[in-house]
Amino acid sequence: RGCTMHGCNEIILGSGLARDYDQVSAHAERFRQAVTRCDDVVIEFTLDGKPHRLTLELGRQEAQKSHGLCREPGEIANLPAGEIYWVPTAAQGEFPHRFEDGTLALMKVSAGSIREVALLRGNPATVEAYRARLASDPAVGVLGELGLGTQELPVSGSDIQDEKALGTFHVATGRSDHLGGPLGPAGFRQKRNATHEDILFAPHKTPEIGVRGVWMHKDGREELLLSDYRPTEFVKAVAL
């Protein structure tokens with residue numbers, strides 16, 4: 001058994017790692033049951049007053065949970081935990097992305113991968129470097145995860161906890177084999193690119209990027225899950 005705790009700090013020690021993980025697991029399971037086997041999740045972002053929509057096809061697969069309990073040989077978890085996730089079967093649309101230096105770009109997605117990157121504002125060299133990496137190894141742009149946080153947690157400044165906070169969500173690019181997906185190191189042209197890179201959307205991390213809504217489609221109905229980084233009553237009823 002094992003766990004990863006990269007980015008751990010004093011806030012995390014006093015909050016995310018100080019929880020009763022039987023309760024964390026139970027809350028995550030209730031959330032998972034509410035969203036599992038959905039058709040897709042649609043996210044509508046806003047930036048500078050303009051909407052951008054990303055659709056992640058989930059193919060009615062079972063949602064998975066990161067709940068922090070490792071009681072069987074061979075199990076590995078992130079700690080802090082508290083997340084529902086899927087490996088998308090396809091994706092299309094576009095989403096704004098904030099690079100670490102604050103540069104904002106529009107990522108254009110088709111057939112499950114980022115295909116084009118357009119500079120919105122910031123450093124052109126940052127976007128050009130990403131374009132070059134994408135051109136040299138297209139697997140870098142594959143969308144390999146959609147994750148939703150399930151816990152009420154304080155902002156820690158470290159993604160390992162902040163992506164588990166209720167109201168936040170993340171998409172990830174790159175490998176997905178560790179989540180049960182199809183893309184592993186052999187799918188990359190260069191081994192150094194065989195990474196899994198989470199892109200967290202949260203008020204403290206992406207303040208310029210608004211989120212009008214995150215909608216789930218399941219069993220012929222549409223359910224609003226998040227609005228302006230806040231969980232809806234539907235989500236509160238199952239996650240808290």
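The values are calculated or read from the model by the stated rules, or taken from the named source; none is laboratory data. Not measured: the values here are computed from a predicted model. FYI the Cβ positions are ideal-geometry reconstructions off the backbone, even for glycines, and counts take in every protein chain you see. Side chains included, ligands, DNA and RNA excluded: accessible areas come from the protein's heavy atoms. Shrake-Rupley method; radii C 1.70, N 1.55, O 1.52, S 1.80 Å.
Run the dipole for the chain about the Cα centre, Lys and Arg Cβ at +1, Asp and Glu Cβ at -1, nothing else charged, and hand back the magnitude in debye, nearest 20.
400 debye
Using a Gaussian network model of the chain whose springs link C-alpha atoms within less than 10 Å, name the residue from ARG71, ARG212, ARG189 with the highest mean-square fluctuation.
Residue with maximal mean-square fluctuation among ARG71, ARG212, ARG189: ARG71.
On C-alpha positions alone, give me the angle between the axis of helix 21-35 and the longest principal axis of the chain, in degrees, nearest 10.
The angle comes out near 60 degrees.
What order, most packed first, do the peptides 165-177, 56-68, 110-122 have when packing is the mean number of other Cβ atoms within 10 Å of each residue?
165-177, 56-68, 110-122
Among bridges DSSP assigns within the chain, what percent are antiparallel (round to 5)?
90 percent
Round to a whole angstrom and tell me the spacing of the C-alpha centers of the range 80-125 and the range 167-240.
Cα centres, the range 80-125 to the range 167-240: 11 Å.
Cα-based Rg (one decimal) and Dmax (whole number) for the chain, in Å?
According to the Cα coordinates of the chain, Rg and Dmax are 17.2, 50 Å.
Could you work out the local net charge near PRO80, counting Lys and Arg as +1, Asp and Glu as -1, over the other residues with Cβ closer than 9 Å to its Cβ?
+2
Just to confirm, what accessible area per residue do you get for the range 117-204 at 1.4 Å probe, in whole Å²?
Normalised by residue count, the accessible surface of the range 117-204 is 41 Å².
Mind telling me which of ALA34, ALA26, ALA129 comes out most flexible in a GNM of the chain, alpha-carbon contacts under 10 Å?
Checking each option, the largest mean-square fluctuation is seen for ALA129.
Under 13 Å from the Cβ of GLN190, count the other residues' Cβ atoms, weight Lys and Arg +1, Asp and Glu -1, and hand me the total.
Counting the neighbours of GLN190, the net charge comes to +4.
Let a ≥ b ≥ c be the square roots of the eigenvalues of the Cα gyration tensor of the range 132-240; is it rounded (a/c under 1.5), or, if not, prolate (a/b larger than b/c) or oblate?
prolate
With axes computed from alpha carbons, what is the tilt in degrees of helix 124-136 against the longest principal axis of the chain, rounded to the nearest 10 within 0 to 90?
Roughly 80 degrees between the two axes.
Where the accessible area of the chain is counted over protein heavy atoms with a 1.4 Å probe, how much of it, in %, is carbon and sulfur?
That share works out to 51 percent.
Which is farthest toward the positive dipole end of the range 1-73 among ILE43, ALA26, LEU58, measuring Cα position about the Cα centre, with Cβ charges +1 (Lys, Arg) and -1 (Asp, Glu)?
So the residue we want is ALA26.
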